[in-house]
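Below you'll find the structure, written out as structure tokens, and then a few comments.
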């Protein structure tokens with residue numbers, strides 16, 4: 001019953017709804033006592049030869065009216081209780097989604113997509129069942145069970161009632177024991193489902209890679225192995241679950257046997273009438289549901305409890321990046337100014353002993369362009385991630401117009417930044433809506449202008465439905481260069497003070513790159529731009545270029561100054577020029 005305590009916050013909030021639902025449910029249980037009583041009276045009248053067509057007609061009308069009354073009561077309790085369950089589902093889904101939106105990068109490194117989806121689907125449904133089937137089963141079984149036993153005692157015989165219901169405590173004891181085992185088994189089952197769900201999502205998302213490397217068959221075998229493991233885990237759930245019904249059947253069978261034997265003796269001894277025995281057997285029919293409900297209830301509650309624990313564990317996680325120390329008085333205008341990095345050291349949270357940035361110190365004047373170059377793993381993307389506040393745990397400071405970015409509210413900071421990674425995400429909708437994602441109120445002319453600046457407009461016009469062309473899941477219908485340019489168009493439409501291009505031109509050719517950079521220089525005049533790239537032509541016009549190696553700045557200056565130094569930058573420039581000439 002612990003799950004009801006865990007959900008007490010919801011039941012208190014929705015108490016009016018549940019009070020009404022439980023009231024109608026209680027009236028339903030009481031109304032269910034009428035038909036057996038009528039059948040008993042009719043049996044006595046038949047046995048005594050006293051029944052008339054008038055009595056018969058009255059009894060039939062009473063049964064029909066009772067059925068109509070039950071129909072109305074069932075409608076209202078279903079509306080209230082199932083409505084409450086739907087409301088709980090809505091709130092849990094909203095809480096999870098909002099929680100996912102608040103969490104930072106480290107959260108998504110710990111939790112895989114399939115696991116999060118399993119929490120938001122299977123676990124939420126299991127919890128919803130508690131507020132629906134769980135409440136119904138608990139209240140209905142108690143009300144019907146208690147009211148039926150009272151009717152048995154009042155209308156039939158207390159001795160027969162006590163003896164006939166002797167097996168009932170054994171059902172409750174068995175259900176309690178089985179419930180503990182079911183809880184553990186179901187918890188493992190949900191975890192297995194999460195792993196399988198994640199594997200499915202991962203394989204479908206990476207289908208191109210699987211086919212390219214000819215790993216389809218091997219991946220299918222791995223998937224089959226996980227399916228078999230999940231089935232074996234679920235078999236344990238089914239074993240414990242399947243024991244509930246046989247247990248209930250045995251108890252009900254014993255109850256009927258005791259009733260027939262002992263009740264028959266009471267009828268033979270003239271202690272009971274035939275009609276009372278008929279009523280009693282009919283009442284036992286009413287007791288079938290409460291008896292079975294015990295097992296069914298434990299099943300629902302244990303599944304719901306296990307799922308609620310999983311969801312709560314997820315919701316209890318706190319983001320590392322917060323506005324706890326932010327100055328809420330700061331606005332976008334306050335942070336327009338120079339960008340200053342003074343990082344003594346930074347290491348990722350999962351590897352605190354391995355610094356990835358050391359002695360990063362530079363100032364970028366407002367309106368200037370910064371170029372970040374270096375080998376893979378040199379620290380270019382990490383510098384960008386710190387500005388985006390994906391991580392805050394560094395020694396030193398990053399300031400905008402003199403304000404530490406950790407003191408700037410996230411919604412203020414991120415509204416001033418447009419970010420284009422190498423692999424951007426596109427939504428399964430039209431090209432127009434993907435570009436307008438950064439400004440859903442943007443007019444068509446502004447969207448077209450952003451596409452022109454990213455050298456994508458002509459490509460779009462050649463597509464079947466122009467700007468209304470659907471891009472498919474994550475832009476599956478587009479080339480790598482088209483996806484990058486669409487992401488750049490999206491960023492330009494935002495007109496933010498800071499634009500970050502993180503190797504965002506790697507998939508376009510030299511001519512297209514030149515056109516985009518030319519448009520950017522014109523568009524970004526007076527605004528700050530950061531460009532991380534492997535191709536040096538992307539940063540050659542930057543006001544400041546930083547060459548990174550092992551998380552440190554080893555060269556700095558503009559294009560001509562770095563060529564004059566004749567270091568790594570100059571060597572790489574000559575190599576890339578030669579490659580372009582040979583390739584051309």
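Is it the case that residue 200 is at pLDDT 80 or above and in a helix (DSSP H, G or I)? No. Among the residues of region 411-446, just one is in a loop (DSSP other than H, G, I, E, B) and surrounded by 21 or more Cβ atoms within 10 Å (Cβ to Cβ), namely 426.
Annotation: of all residues in region 331-347 being under 19 Å from residue 374 (Cβ atoms) and under 33 Å from the mean Cα position of the chain (by Cα), the one that is surrounded by the fewest Cβ atoms within 10 Å (Cβ to Cβ) is 347. Do you know which residues across region 100-126 are surrounded by 20 or more Cβ atoms within 10 Å (Cβ to Cβ), farther than 30 Å from residue 286 by Cβ and at pLDDT 85 or above? Within region 100-126, 123, 124 meet the criteria.
Taking the listed residues 350, 328, 324, the one that is under 33 Å from the mean Cα position of the chain (by Cα), part of a loop (DSSP other than H, G, I, E, B) and either farther than 23 Å from residue 393 by Cβ or without any contact (Cβ under 8 Å) to a residue 24 or more places away in the chain (or both) is 324, with no other qualifying. Here residue 458 meets each of (1) over 30 Å from residue 332 (Cα atoms); (2) within 33 Å of the chain's Cα centre (by Cα); (3) surrounded by fewer than 16 Cβ atoms within 10 Å (Cβ to Cβ) with one exception, condition (2). Here 544, 493, 563 are screened, and the one residue that is at pLDDT 85 or above and closer than 24 Å to residue 439 by Cα is 493. Residue selection: residue 297 fails the criterion of being under 30 Å from the mean Cα position of the chain (by Cα), touching a residue at least 60 places away in the same chain (Cβ under 8 Å) and not assigned by TED's automatic domain parsing to the domain that holds residue 188.
With respect to the conditions (1) part of a loop (DSSP other than H, G, I, E, B); (2) at pLDDT 80 or above, residue 234 lacks only one, and its number is (1).
The values are calculated or read from the model by the stated rules, or taken from the named source; none is laboratory data. Values in this document were obtained by computation on a predicted structure and should not be read as measured data. For neighbour counting, all protein chains shown are included, and Cβ atoms are generated from backbone atoms with ideal geometry for every residue, glycine included.
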